[in-house]
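The values are calculated or read from the model by the stated rules, or taken from the named source; none is laboratory data. These numbers come from a predicted model, not from an experiment. Glycine also receives a Cβ, built like all others from the backbone with ideal geometry; neighbour counts cover every protein chain displayed. Only protein heavy atoms, including side chains, enter the accessible area calculation; ligands, DNA and RNA are left aside. Shrake-Rupley method; radii C 1.70, N 1.55, O 1.52, S 1.80 Å.
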Amino acid sequence: MIKGVFRWALFALFLFGLACVLVVAYVDISTARYIYGREEKPPKAQVALILGASVMSNGTLSAVMKERADRAATLYQSGTVSKLLLTGDNSTL
């Protein structure tokens, strides 16, 4: 009896792991055309969404936020996007 339950639990765990891998693969494949690397020039768009990241307690930007802000400024100044939509990270100083 215990062997049977253990086998079903192991099989269920395997199916769960497989489902997780398949979901990640699907998301990765279906969104790949919307992700641009540093060297690639994205197409012109009206708006670029800039995700927030942390700001240090002294007011300086974290490395991630600085990189995002620099990239957003480059896109805006080059005319690739005409507006920037910035999000926060739900933290307080």
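Is it true that LYS41 is of a type in the set (D, E, K, R), modelled with pLDDT of 90 or more and open to solvent by 100 Å² or more (accessible area, probe 1.4 Å)? Break it down stepwise before answering.
Working: of a type in the set (D, E, K, R): yes; modelled with pLDDT of 90 or more: no; open to solvent by 100 Å² or more (accessible area, probe 1.4 Å): yes.
No.
Need pairs with beta-carbon distance below 9 Å; first residue open to solvent by less than 100 Å² (accessible area, probe 1.4 Å) and within region 1-14, second part of a helix (DSSP H, G or I); sequence gap 6+ or separate chains.
none
Need the failing condition index for GLN46 against (1) surrounded by 10 or more Cβ atoms within 10 Å (Cβ to Cβ); (2) at pLDDT 90 or above, just the number.
(1)
Looking only at region 65-86, filter to residues that are among the small types (Gly, Ala, Ser) and without any contact (Cβ under 8 Å) to a residue 24 or more places away in the chain; which one of those is surrounded by the fewest Cβ atoms within 10 Å (Cβ to Cβ)? If you could, list the steps in order and put the result at the bottom.
First, the residues of region 65-86 that are among the small types (Gly, Ala, Ser): 69, 72-73, 78-79, 82.
This time we only want the ones that are without any contact (Cβ under 8 Å) to a residue 24 or more places away in the chain, so: 69, 73, 78.
Values: ALA69: 15, ALA73: 12, SER78: 10.
My answer is SER78.
Return yes or no: is GLY59 outside any helix (DSSP H, G or I), out of contact with any helix residue (DSSP H, G or I) (no Cβ under 8 Å at 6 or more places or on another chain) and open to solvent by less than 100 Å² (accessible area, probe 1.4 Å)? Walk me through it before giving the result.
On the way: outside any helix (DSSP H, G or I): yes; out of contact with any helix residue (DSSP H, G or I) (no Cβ under 8 Å at 6 or more places or on another chain): yes; open to solvent by less than 100 Å² (accessible area, probe 1.4 Å): yes.
Against the criterion (outside any helix (DSSP H, G or I), out of contact with any helix residue (DSSP H, G or I) (no Cβ under 8 Å at 6 or more places or on another chain) and open to solvent by less than 100 Å² (accessible area, probe 1.4 Å)), GLY59 qualifies.
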